[in-house]
């Protein structure tokens, strides 16, 4: 083996390798390949480059580091421990164990110094684009110099993912010169060599996107540091640093092989690797005194940085603003997407932290803030983002904006929510206050046909933990949905109609804010039917109730715009709203999946459990049974 240097930074890199091996072997689970292959990169970042204060991990002026290749988490945790972020040796020993702050992939809120949850490959890159854009936006709005860099480390898997391409294209277009992407290019992916699946010229691709591209030896500390410093100093475009590395570097058996990617080496191989690196085999979790001293001195420098006193954009939504939304007059009979757009104009004027955009659909999904301007490289202070047809990257970038302290929203058609789903999931996991405006919410959008008519999408969104879903029926309920979204500390999906709605129903903002409420009550006597509906079908439920009443049936109509909010109410309230009818019926132009917890096993679901058709909305309603006569027939009432 090559003689190991004992310079302080080389010793830091090898210490990171040793800690990663010990943690992964202790739990017999993890990914040693990246921590060993990128140890020099972690060393330069945490030992020299990043401007941060480990004693104040949320210092606003800090540089942000994101490990997009989140499977290499032990490299990050080892670095955070050495750098003084409050990750202890005991935390490293608890890697991947229940309730530890060192989970298998980095999780936001769980570990000091972790800026975002990563693991699904490519999303860290896209979230970083949102963070870099957020920093640019805040600097422009506040008329201050951009005060931090966003650095992301990605692997071959990240670079193959489509979301990475979407986000990188957008970053180049917006000239985000505060974004640095380090590509750990080791020519190995989980399944084998990249020669079998990934042979493109990545540098050429990124130059075409408008990025600065540099290639370095990822194990050469000086080259890595020089490339990072050069990227920080340039003021034109984002920077890609292609770092050529060896996966599992130091392992006599596994380095340079896909075998190093995702399994514990075991005691014998780890011991041999430590010997090759000039580290003792015992004790485990060994940190040389020189390394502790190096980082102690660095912390002393970092903790004396000036306190950030720069102004900020208020992110709290005041009661006065929420009251203004309640009292906003909106033209009756509009589609709920148009109602939402009318409310967005008020939100723009009263909520300065709100910023939003659409995937090339702002004129159709009604997300444009008309006086907000269009954000560009010449106008970072504008508040409308044209994401282009990049739904997945848009959703992840919105999370990045939220992580920068803004209150973002983004929009597209409901059927395209599937393109975004994993980024929405990570936002839900992180409990980020992102609002998603999904329009064209059912087969009743009409002639565009089944490719654009959502069927199963609403049930899928409702199944996601921590995501609150609203499908409002009219102006009052759309106001409630936005009030809830602006007040939330986790993501919210607004599911809105393309077609106009009945704005004469006796709906209630306060009732909708409870997720569900009695819209019309039955007469005295036994309750025959509780009709539960959401969105544009609520007026149909009222029409059915009128028809049933004329035939001597006792009916109640319940509006249920949000399952999640309704389920959070006391059981007594839920039972009072749903009543104890002889028959419970749901009416919603989406899948029946999820409704039986409200209507019971014997309940009747008027729903769509097949794909739609291309036709005018009126014809579709008749064909699929969303008319009063068809529903009464389903109920056996003639």
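The values are calculated or read from the model by the stated rules, or taken from the named source; none is laboratory data. Bear in mind that the values here come from a model prediction, so they are computed numbers and not experimental data. Glycine also receives a Cβ, built like all others from the backbone with ideal geometry; neighbour counts cover every protein chain displayed.
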Inset, instruction - Inspect the range 615-635 for any residue being touching a helix residue (DSSP H, G or I) at 6+ places or on another chain (Cβ under 9 Å), farther than 24 Å from residue 443 by Cα and not in a strand (DSSP E or B) and give the result as yes or no. - result: no
Inset, instruction - Considering every residue within the range 382-397, establish whether at least one is surrounded by 16 or more Cβ atoms within 10 Å (Cβ to Cβ), part of a helix (DSSP H, G or I) and touching a strand residue (DSSP E or B) at 6+ places or on another chain (Cβ under 6 Å). - result: yes
Inset, instruction - Filter the range 194-204 down to residues that are crowded, with 16+ Cβ neighbours inside 10 Å and without any contact (Cβ under 8 Å) to a residue 40 or more places away in the chain and give me whichever is farthest from residue 158 (Cα to Cα). - result: 203
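Residues that are farther than 30 Å from residue 410 by Cβ: list the helices (runs of 4 or more DSSP H) wholly contained in the range 256-339 that include at least 1 such residues. Let's see the steps before the verdict.
Details: elements: 267-277, 289-303, 319-327.
Helices (runs of 4 or more DSSP H) meeting the threshold: 267-277, 289-303.
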Legend entry - Which numbered condition residue 139 misses (of (1) part of a loop (DSSP other than H, G, I, E, B); (2) within 27 Å of residue 85 (Cβ to Cβ)): (1)
Inset, instruction - Taking the residues in the range 231-242 that are out of contact with any strand residue (DSSP E or B) (no Cβ under 7 Å at 6 or more places or on another chain) and assigned to a helix (DSSP H, G or I) as candidates, determine which candidate is surrounded by the most Cβ atoms within 10 Å (Cβ to Cβ). - result: 232
Legend entry - Among (1) farther than 26 Å from residue 315 by Cα; (2) assigned to a helix (DSSP H, G or I); (3) in contact with a helix residue (DSSP H, G or I) (Cβ under 8 Å, 6 or more places away or on another chain) - the single one residue 195 does not satisfy: (3)
Legend entry - Matching option when the condition is in the same structural domain as residue 119 (by TED's automatic domain parsing), without any contact (Cβ under 8 Å) to a residue 24 or more places away in the chain and surrounded by 16 or more Cβ atoms within 10 Å (Cβ to Cβ), among 255, 223: 223
Legend entry - residue 427 being modelled with pLDDT of 95 or more, within 25 Å of the chain's Cα centre (by Cα), crowded, with 24+ Cβ neighbours inside 10 Å and more than 25 Å from residue 543 (Cα to Cα): yes
Inset, instruction - Have a look at 532, 518 and point out the one that is within 12 Å of residue 577 (Cβ to Cβ), buried (at least 24 other Cβ atoms within 10 Å of the Cβ) and in contact with a helix residue (DSSP H, G or I) (Cβ under 7 Å, 6 or more places away or on another chain). - result: 532
Inset, instruction - Filter the range 313-340 down to residues that are surrounded by 14 or more Cβ atoms within 10 Å (Cβ to Cβ) and under 23 Å from the mean Cα position of the chain (by Cα), then give me how many there are. - result: 5
Inset, instruction - Kindly indicate whether residue 478 is assigned to a loop (DSSP other than H, G, I, E, B) and not assigned by TED's automatic domain parsing to the domain that holds residue 584. - result: no
Inset, instruction - For residue 409, indicate whether it is in the same structural domain as residue 479 (by TED's automatic domain parsing), assigned to a strand (DSSP E or B) and within 30 Å of residue 591 (Cα to Cα). - result: yes
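Suppose the filter is assigned by TED's automatic domain parsing to the domain that holds residue 400 and in contact with a helix residue (DSSP H, G or I) (Cβ under 8 Å, 6 or more places away or on another chain); does residue 489 pass it? Steps first, answer last, please.
On the way: assigned by TED's automatic domain parsing to the domain that holds residue 400: yes; in contact with a helix residue (DSSP H, G or I) (Cβ under 8 Å, 6 or more places away or on another chain): no.
For residue 489, the condition - assigned by TED's automatic domain parsing to the domain that holds residue 400 and in contact with a helix residue (DSSP H, G or I) (Cβ under 8 Å, 6 or more places away or on another chain) - is not met.
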Legend entry - Matching residues, the range 579-614, being touching a helix residue (DSSP H, G or I) at 6+ places or on another chain (Cβ under 8 Å) and either modelled with pLDDT under 95 or not in a strand (DSSP E or B) (or both): 588, 589, 590, 591, 593, 594, 598, 603, 608, 612, 613
Inset, instruction - Output the number of the condition that residue 407 fails; it satisfies all remaining conditions of (1) buried (at least 24 other Cβ atoms within 10 Å of the Cβ); (2) over 20 Å from residue 363 (Cα atoms); (3) out of contact with any strand residue (DSSP E or B) (no Cβ under 8 Å at 6 or more places or on another chain). - result: (3)
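The rows are residues; the columns are (1) under 12 Å from residue 561 (Cβ atoms); (2) outside any helix (DSSP H, G or I).
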| position | (1), (2) |
| --- | --- |
| 420 | no, no |
| 489 | no, yes |
| 502 | no, yes |
| 515 | yes, yes |
Inset, instruction - Return yes when residue 152 is outside any helix (DSSP H, G or I) and buried (at least 24 other Cβ atoms within 10 Å of the Cβ) and no when it is not. - result: yes
Inset, instruction - Only residues that are under 33 Å from the mean Cα position of the chain (by Cα) and surrounded by fewer than 17 Cβ atoms within 10 Å (Cβ to Cβ): list them for the range 260-277, please. - result: 262, 263
